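A.B. asks: Just dropping this structure here.
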Amino acid sequence: MNMGKEIWNLLRKDLMLELRMGYALSGIFLYVFSTVFIVFASFIQLPNTVWNILFWVVLLFASVNAIVKSFVQESGNRQLYYYSLVNPVSVLLAKMAYNVGLLFLISLLIWAGLAFVGGNPVRDPELFLLAMFLGSSGFAITFTFISAISAKADHNATLLAIMSFPLVIPILMTLVKLSANALGLMNDTGLQKDIILLCAMDGLLLGAALILFPFLWTD
Amino acid sequence: MVYQTWWKALGVVLLVYTFIAGLLIPLKPGISSVHPSNATAGEEVILEIKGYNTFFTQSGAPLRAWLKMDDTHALGASEIEIVDNQHVKARFYFPAFLPDSGRVRDFTLLLDDPFNGTCVLPSAVFITQDSIDPAMGKAQWVNAPIKGLHANSRLSFPFRNILKESIRNTYFHVPLWFSMIFLFLFSVAYSIKYLRTGAHDHDRRAHALAVGGVLFGIMGLVTGAIWAKNTWGAYWSWDVKQNMTAIALLIYFAYFILRGSFEDPEKRARLAAVYNLFAFVALIPLIYVIPRLTDSLHPGSGGNPAFGSDDLDNTMRMVFYPAIIGWTLLGFWIASVVYRIETLRDRVLESY
């Protein structure tokens, strides 16, 4: 079986698991809406600069909650069975691909939620969507890999947060800058550079994750 | 290497040299202040100049002073009175019109004599002209060309107006960063070695080097903050380099917490090595890419991460390079002590 097919099947498996369990996904959505509601209830009026930063902060915390279970929702024995059945790297790639999709969906929801309660300040939707996609990919790659590490330890939710937040800060800072441009808060001529930088950071982390994963899953 | 003494002794010798030479060699003579710093065109003004590390009474030849507007326009002092070693009074006459179309123009003050060499204070005096007529200014200008400047040949560090004595921090703050990077690089190398061989010894080395690196990182941050207080005005200015450094240290703290959360030494070693490598990859944009793309107060913001070639002179290089080697050797010594403690602890635990 080639790797593309493996990844596709694993992706389908993850999606089906998620849909059958139901509560996990709806829990995340509820989390997003309650956070957006709390944000709106406390701010009432959202200045655009705050909107921009809040969007990414809400996404960051929602991502951690969504991804922390990646490697713990199935039992260790079943994981081992997958690793023996398919290429372990496919397992990681499938999880990452699934999480990229999930985070992108969550970010769309946050956008919709914040736009619903606080108005939609986005002036350049294409750029904002691009930022959202690159951000989702960066977060998903980092968090998925770190959750694979933290799944091996107890208290893995705390470990995931403290280990991955410092790692995503550079991505987060570039994203805030990029979306500030999409919101018309600043007008940066070097936008291309930021997009390339984000792609490079995503690629670098993905490459490192792929190289290191074989050392991670073996126990 | 860990058990040999010669490189530790070399490190100590170089550091002792760094401390003695770095703290005792005086700064070049400079100008610390000028009063008054504002004047009106058409006025005659006596500037009270305060020198730093100067010996005006030992000048030997007459002291000369200029106020320089640009490369072609300079005013000479009509009369100079030396009060004592640190104080000089210079009389300048400003023409009624400046050969410049701005209302306010800054002038650079230069003092020169054979003993002290040339002292420079940029933007020393601001001159306001009431009516602007550059052509008239050109016609009236009595130019005093700046020539025959003397160099100060005594052993000294450069005098920089904002840095002043804090220039000596170059031998502490900067080499601490250098050695931190070396320590982290070696730590990553040992993590790779551990993943390839599985020998527990490599993991202990990687950990010990990371401990040394974090220690040096904290010291680099503290020396940098003190330097920033004296030059930028605040310990923490939310400058991109300060932020990135703080994040880099957070990443390594997370590394130690990760190590602490495993009982099984094999599992701990493997996962810590994986995280060490992953974190190092994430550090590359943090330390090498983003600071170069962002404006910063730190020297060399648009390119070189630390400083340009103009910032060091040959006397400083004489101390700076040994300082890098000395601090790096000290860092490796600290790491080797941590490593030996860990090894002994493991040996004691195994014997039970």
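The values are calculated or read from the model by the stated rules, or taken from the named source; none is laboratory data. Since we're looking at a predicted model, the values are computed, not measured. Ideal geometry is used to build each Cβ from the backbone, glycine not excepted, and the neighbour counts take in all protein chains shown.
A.B. asks: From the list A:54, A:30, A:60, exactly one residue is over 14 Å from residue A:115 (Cα atoms), modelled with pLDDT of 85 or more and surrounded by 13 or more Cβ atoms within 10 Å (Cβ to Cβ). Which is it?
C.D. replies: Working: A:54 fails: over 14 Å from residue A:115 (Cα atoms); A:30 fails: surrounded by 13 or more Cβ atoms within 10 Å (Cβ to Cβ).
Selected residue: A:60, the only one of A:54, A:30, A:60 that is over 14 Å from residue A:115 (Cα atoms), modelled with pLDDT of 85 or more and surrounded by 13 or more Cβ atoms within 10 Å (Cβ to Cβ).
A.B. asks: For the range B:54-72, give me the residue count where each residue is in contact with a Gly (Cβ under 9 Å, 6 or more places away or on another chain) and either surrounded by fewer than 19 Cβ atoms within 10 Å (Cβ to Cβ) or farther than 29 Å from residue B:166 by Cβ (or both).
C.D. replies: Taking the range B:54-72 as the starting set, the residues that turn out to be in contact with a Gly (Cβ under 9 Å, 6 or more places away or on another chain) are B:54, B:64-67.
Next, from what is left, pick out any that are either surrounded by fewer than 19 Cβ atoms within 10 Å (Cβ to Cβ) or farther than 29 Å from residue B:166 by Cβ (or both): B:64.
Of the residues in the range B:54-72, 1 are in contact with a Gly (Cβ under 9 Å, 6 or more places away or on another chain) and either surrounded by fewer than 19 Cβ atoms within 10 Å (Cβ to Cβ) or farther than 29 Å from residue B:166 by Cβ (or both).
A.B. asks: Determine whether the range A:127-140 contains at least one residue that is at pLDDT below 85 and not β-branched (Val, Ile, Thr). So that I can check it myself, show each step before the final result.
C.D. replies: Taking the range A:127-140 first, the residues at pLDDT below 85 are none.
No, the conditions are met nowhere in the range A:127-140.
A.B. asks: Restrict the check to the range A:166-180 and report whether at least one residue is within 30 Å of residue A:76 (Cβ to Cβ) and in contact with a Ser or Thr (Cβ under 8 Å, 6 or more places away or on another chain). Lay out the reasoning, then the answer.
C.D. replies: Applying the first criterion (within 30 Å of residue A:76 (Cβ to Cβ)) to the range A:166-180 yields A:166-168.
Then drop every residue that is not in contact with a Ser or Thr (Cβ under 8 Å, 6 or more places away or on another chain), which leaves A:167-168.
Yes, the range A:166-180 contains a residue that is within 30 Å of residue A:76 (Cβ to Cβ) and in contact with a Ser or Thr (Cβ under 8 Å, 6 or more places away or on another chain).
A.B. asks: Filtering the range B:233-265 down to residues that are more than 10 Å from every other protein chain (Cβ to nearest Cβ), part of a helix (DSSP H, G or I) and not basic (Lys, Arg), which residue is nearest to residue B:342 (Cα to Cα)?
C.D. replies: The extreme case among them is B:265.
A.B. asks: Considering only the range B:1-85, give the strands (runs of 3 or more DSSP E) lying wholly within it that have at least 1 residues that are among the acidic types (Asp, Glu) and without any contact (Cβ under 8 Å) to a residue 60 or more places away in the chain.
C.D. replies: Numbers: elements: B:30-35, B:38-40, B:44-52, B:64-68, B:74-76, B:79-82.
Fully inside the range B:1-85 and qualifying: B:44-52, B:79-82.
A.B. asks: Report, by residue number, each residue of the range A:180-190 that is more than 29 Å from residue B:254 (Cβ to Cβ), away from every other protein chain (no Cβ under 12 Å) and out of contact with any Pro (no Cβ under 7 Å at 6 or more places or on another chain). So that I can check it myself, show each step before the final result.
C.D. replies: Filtering the range A:180-190 down to residues more than 29 Å from residue B:254 (Cβ to Cβ) leaves A:181-190.
Pick out the ones that are also away from every other protein chain (no Cβ under 12 Å) and you get A:181-187, A:189.
Those that are more than 29 Å from residue B:254 (Cβ to Cβ), away from every other protein chain (no Cβ under 12 Å) and out of contact with any Pro (no Cβ under 7 Å at 6 or more places or on another chain): A:181, A:182, A:184, A:185, A:186, A:187, A:189.
A.B. asks: Hey, can you tell me all the residues within the range B:16-29 that are crowded, with 17+ Cβ neighbours inside 10 Å and within 18 Å of the chain's Cα centre (by Cα)? Before you say what the answer is, go through the steps one by one.
C.D. replies: Within the range B:16-29, the subset crowded, with 17+ Cβ neighbours inside 10 Å is B:18, B:21-22, B:27-29.
B:18, B:21, B:22, B:27, B:28, listed by residue number.
A.B. asks: Step by step: first the residues of the range B:266-295, then only those that are at pLDDT 85 or above and more than 8 Å from chain A (Cβ to nearest Cβ), then the one that is surrounded by the fewest Cβ atoms within 10 Å (Cβ to Cβ). Which residue is that?
C.D. replies: By that ranking, first place goes to B:266.
A.B. asks: State whether the residues of the range A:69-89 include one that is touching a residue at least 24 places away in the same chain (Cβ under 8 Å), more than 20 Å from residue A:178 (Cα to Cα), within 14 Å of the chain's Cα centre (by Cα) and not in a helix (DSSP H, G or I).
C.D. replies: Yes - at least one qualifying residue is present in the range A:69-89.
A.B. asks: Filter the range A:196-206 down to residues that are facing another protein chain (nearest Cβ under 8 Å) and free of Cβ contacts under 8 Å to residues at least 60 places away in the same chain and give me whichever is nearest to residue B:271 (Cα to Cα).
C.D. replies: So the first thing to find is which residues in the range A:196-206 are facing another protein chain (nearest Cβ under 8 Å), and the list is A:197, A:200-201, A:204-205.
Among the residues that remain, those that are also free of Cβ contacts under 8 Å to residues at least 60 places away in the same chain are: A:197, A:200, A:204.
Working: A:197: 28, A:200: 25, A:204: 19 Å.
Among those that are facing another protein chain (nearest Cβ under 8 Å) and free of Cβ contacts under 8 Å to residues at least 60 places away in the same chain, it is A:204.
A.B. asks: Which one of these does residue A:164 not meet: (1) within 12 Å of another protein chain (Cβ to nearest Cβ); (2) over 23 Å from residue B:248 (Cβ atoms)?
C.D. replies: (2)
A.B. asks: Same structure, new question: If residue A:171 satisfies all but one of (1) out of contact with any Gly (no Cβ under 8 Å at 6 or more places or on another chain); (2) more than 8 Å from chain B (Cβ to nearest Cβ), what's the number of the condition it fails?
C.D. replies: (1)
A.B. asks: A follow-up question, please. Which of the residues belonging to the range A:80-95 are more than 17 Å from residue A:16 (Cβ to Cβ) and in contact with a Phe, Trp or Tyr (Cβ under 8 Å, 6 or more places away or on another chain)?
C.D. replies: A:83, A:88, A:89, A:92
A.B. asks: On to the next question. Keeping to the range A:98-156, report how many residues are within 14 Å of another protein chain (Cβ to nearest Cβ) and more than 30 Å from residue A:12 (Cβ to Cβ). Before you say what the answer is, go through the steps one by one.
C.D. replies: Going residue by residue through the range A:98-156, those that are within 14 Å of another protein chain (Cβ to nearest Cβ) are A:134, A:138-139, A:141-156.
In the following step, the residues that additionally are more than 30 Å from residue A:12 (Cβ to Cβ) were identified as A:154-155.
Counting residues in the range A:98-156 that are within 14 Å of another protein chain (Cβ to nearest Cβ) and more than 30 Å from residue A:12 (Cβ to Cβ) gives 2.
A.B. asks: Please go through the range B:169-223 and give me each residue that is buried (at least 21 other Cβ atoms within 10 Å of the Cβ) and among the basic types (Lys, Arg), ordered by number.
C.D. replies: B:204, B:205
A.B. asks: Can you pull out the residues in the range B:253-265 that are aromatic (Phe, Trp, Tyr) and modelled with pLDDT under 90? It would help to see each step written out before you state the result.
C.D. replies: Pass one, the range B:253-265, residues aromatic (Phe, Trp, Tyr): B:253, B:255-256, B:262.
Across the range B:253-265, the qualifying residue is only B:262.
A.B. asks: Is it true that residue B:348 is modelled with pLDDT of 75 or more and either assigned to a helix (DSSP H, G or I) or aromatic (Phe, Trp, Tyr) (or both)?
C.D. replies: yes
A.B. asks: OK, next. With A:177, A:193 as the choices, which residue is without any contact (Cβ under 8 Å) to a residue 12 or more places away in the chain, facing chain B (nearest Cβ under 10 Å) and basic (Lys, Arg)? Walk me through it before giving the result.
C.D. replies: On the way: A:177 fails: without any contact (Cβ under 8 Å) to a residue 12 or more places away in the chain.
On inspection, the qualifying residue turns out to be A:193.
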